[in-house]
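To start, the structure itself, in structure tokens.
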Amino acid sequence: MMALTVERLGGSFVAEVGGVDLAQDQEAAWPEIHRAYLDHKVLVFPDQDLSAEDYAGFGARFGELAPHTIRKFAHPDNPAIMILSNATEFGAPKGVRDAGSFWHSDWSYRELPANATMLYALEVPGDGGDTLFADMAAAYAALSDDIKRRLDGLTYRGQYRWTKDRHDPESMWSLLTEEERAENPEVEHPVVRTHPETGGKSLFVFPGISAGIKAIVDMDEDESAALLAELYAHVTEARFQYRFRWPGAGTLVVWDNRCTMHRATTADLPADKLRTLHRLSTVGAAPV
């Protein structure tokens, strides 16, 4: 293995890791990769050539692999790998065409949200299909002391793809099977969570429908709605964001859901610009 390099790409987070072949060097490079993961929150590994076995093996270093709630496009060699694609194969969709075109953190609607999520590119267009990330630790740090005190100890209720409009095409009632709905009951999470490995604090509220945030616990409905709207406006400010432009096939990106959020832009891709990625997530700890 060559010497591993880590180069910061964003202002407060995101780094590119070089000098490592994840099909060969996972064991030797893991301590440095894990340290970089905690330091930079989002890591980019260019020029990889990974089998499903290699990919799942790397993912498992971050925790237990688990399939996505929606299982229709699971990889045939490993059900924990989800296929994201706007391409068609034999006249049928090759994968989930538009996954996550809203700000969210993976599995924040579960009792045990995700630790790491990773995407591995099989095909990407020359332009478009970018992935946006936001640093939720930086967003928390930028709050005034008064607001931090106000948020201390607050929790919220949420449920996967919950929305007041049950006919919304993204709502859990129209999208999930009865079995999948039953597997995703309402949960409560803190508005501010403490990272289990670094001890740092991050905001843990997300405006995307997948988070399904209903209201802050024990708060007047109007006051809750106003506070959540204020926090959503804050965390989506451009100063906390990084736009990742996929350079080509073989690129792997991994991020820490405990202190970031992200969204796809695939919905904006024209039909002739193809993008196929393999997605993995690992189970994290209950937020505190």
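Structural remarks
- Among residues of region 129-163, those that are touching a Gly at 6+ places or on another chain (Cβ under 9 Å) and part of a loop (DSSP other than H, G, I, E, B), counted: 5
- Scanning region 270-288 for residues that are surrounded by fewer than 20 Cβ atoms within 10 Å (Cβ to Cβ) and in contact (Cβ under 8 Å) with a residue 12 or more places away in the chain gives Pro270, Ala271, Lys273, Leu274, Thr276, Val283, Ala285, Ala286, Val288.
- Val44 vs. criteria modelled with pLDDT of 95 or more, among the hydrophobic types (A, V, I, L, M, F, W, C), outside any strand (DSSP E or B) and in the same structural domain as Trp255 (by TED's automatic domain parsing): no
- Matching option when the condition is closer than 30 Å to Pro76 by Cβ, aromatic (Phe, Trp, Tyr) and touching a residue at least 40 places away in the same chain (Cβ under 8 Å), among Phe244, Phe240, Phe206: Phe244
- For Glu27, the conditions (1) without any contact (Cβ under 8 Å) to a residue 12 or more places away in the chain; (2) in a strand (DSSP E or B) all hold with the exception of (2).
- Residue list for region 33-52, restricted to those being acidic (Asp, Glu) and touching a strand residue (DSSP E or B) at 6+ places or on another chain (Cβ under 8 Å): Asp39
The values are calculated or read from the model by the stated rules, or taken from the named source; none is laboratory data. Just so it is clear, the structure is predicted and the values come from calculations on it, not from any experiment. FYI the Cβ positions are ideal-geometry reconstructions off the backbone, even for glycines, and counts take in every protein chain you see.
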